[in-house]
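Following: one structure in C-alpha cells, then a few remarks.
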Amino acid sequence: MKECADEKIIRKYLADSARNIKIETVEIIDSTNDEMKRRAVNGEGEIFLLVAESQTKGKGTKGRSFFSPGGTGIYMSLLLRPTYTPEECTLLTSVAAVSSARAIEKVVCVKPQIKWVNDIYLDGKKAGGILTQAHLSKDGKEVEWAIVGIGINISEPEGGFPDELKSIATTLGKRDENIKNRLISEIVNEFVSYYRDLNREDFIVEYSRRLLGLNEEITVKENGEEYRGTVIGIDGMCHLKIRLPDGEEKILNSAF
C-alpha cells in the first residue's frame, strides 16, 4: 500500500525554520494551485502548504494540464505573502526547482537536473514541474500573494503513463517506499531556507550545476523569429544565457 501525505509525519522532518507553517492534506482536489488562490483571496496568510493525493485538473505551464493520478506522486502548493519586489519574486520558480532537486538528491539518492526554467528531469525525461502564480497590487509595485505549485512523479501509475506522456515522462523510480512525506518535508525545508533570503550567494551555483542542456544548441522562438544558440549558463536572476553563432550573447527571460 502506498504512503499517503500525513501532516504529522511531514512535521516530524521539518527544520526549525519551517516548524510553524500551516499544513493541510486532502485526498482529491481540482488543483492545489486553484485552491490556494481561493484561500489567498479569502485572506489566508503564509506560509501555507497544501498537499493532495490526486488532482482532477492539475495545472502545468502555458495552460497545459499536469497528470496527477492518486498514489503515485506529490502534488503540493505553497501560499506566500512575499515582501520582495515583483522582479525578485520571479526567482520563486527557480527557488522551487533548486529546492526540489536538492530534496530529491538527498532523499532518493538520484541526481536530477533542471530544464530551464521550471522542470525537473531524470535521464532526459520530465519527473516533475513547477507552476508559480502571483497577484500584484493595483499599482504593480507589490506582490499581494504568490503560489508555488510543485508536482513530482514518484512511481508510475497502474497501466503506465498515457500515450502522449510515455516518451517524455519518468518517475523517481520508487514504488511502495515510504518516501513521500520525507520528500515533501525536505522540499519545504529547502524552499523556506532560500525564501528567507532570495539573495543567498550559493543559489545560482546550485542552479547552474543542475542546468540541463549546458553547452548544447537550442532553437528559440521569440517575437515571430526563430534562431539557434548555445546554452552557456544563467545570470543572477536565473535568466538563460545563450551564445548566437556570430558570438553575440543573448539573455532569455521566458521559456522558449
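Data table
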{"item": "Residue match in the range 166-173 (condition: touching a residue at least 60 places away in the same chain (Cβ under 8 Å) and of a type in the set (D, E, K, R))", "result": "no"}
{"item": "Single residue of the range 46-85 satisfying the filter (assigned to a strand (DSSP E or B), free of Cβ contacts under 8 Å to residues at least 40 places away in the same chain and open to solvent by 10 Å² or more (accessible area, probe 1.4 Å)) that is farthest from A134 (Cα to Cα)", "result": "S54"}
{"item": "Within the range 94-107, considering residues that are touching a residue at least 60 places away in the same chain (Cβ under 8 Å) and open to solvent by 10 Å² or more (accessible area, probe 1.4 Å), the one nearest to I218 (Cα to Cα)", "result": "R102"}
{"item": "Search result, residues across the range 1-27 that are among the aliphatic types (A, V, I, L, M) and either assigned to a helix (DSSP H, G or I) or touching a Gly at 6+ places or on another chain (Cβ under 7 Å) (or both)", "result": "I9, I10, A18"}
{"item": "Residues (of a type in the set (A, V, I, L, M, F, W, C) and more than 23 Å from R64 (Cα to Cα)) located in the range 27-45", "result": "V41"}
{"item": "Selection count, the range 228-256, where residues are out of contact with any helix residue (DSSP H, G or I) (no Cβ under 9 Å at 6 or more places or on another chain), surrounded by 13 or more Cβ atoms within 10 Å (Cβ to Cβ) and among the hydrophobic types (A, V, I, L, M, F, W, C)", "result": "7"}
{"item": "Any hit, the range 176-190, residues being more than 17 Å from E105 (Cα to Cα) and of a type in the set (S, T, N, Q)", "result": "no"}
{"item": "Residue in the range 213-227 that is open to solvent by less than 10 Å² (accessible area, probe 1.4 Å) and not in a loop (DSSP other than H, G, I, E, B) present", "result": "yes"}
{"item": "Any hit, the range 20-28, residues being open to solvent by less than 40 Å² (accessible area, probe 1.4 Å) and over 20 Å from the mean Cα position of the chain (by Cα)", "result": "no"}
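Every residue, every condition in (1) hydrophobic (A, V, I, L, M, F, W, C); (2) more than 30 Å from K22 (Cβ to Cβ), yes or no:
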{"position": "V192", "(1), (2)": "yes, no"}
{"position": "N199", "(1), (2)": "no, no"}
{"position": "L240", "(1), (2)": "yes, yes"}
{"position": "P245", "(1), (2)": "no, yes"}
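The values are calculated or read from the model by the stated rules, or taken from the named source; none is laboratory data. A quick note: this is a predicted structure, and the numbers were derived from the prediction, not measured. Backbone-built Cβ (ideal geometry, glycine too); neighbour counts: all protein chains shown. Surface areas here come from the heavy atoms of the whole protein model, side chains and all, with no ligands, DNA or RNA. Shrake-Rupley method; radii C 1.70, N 1.55, O 1.52, S 1.80 Å.
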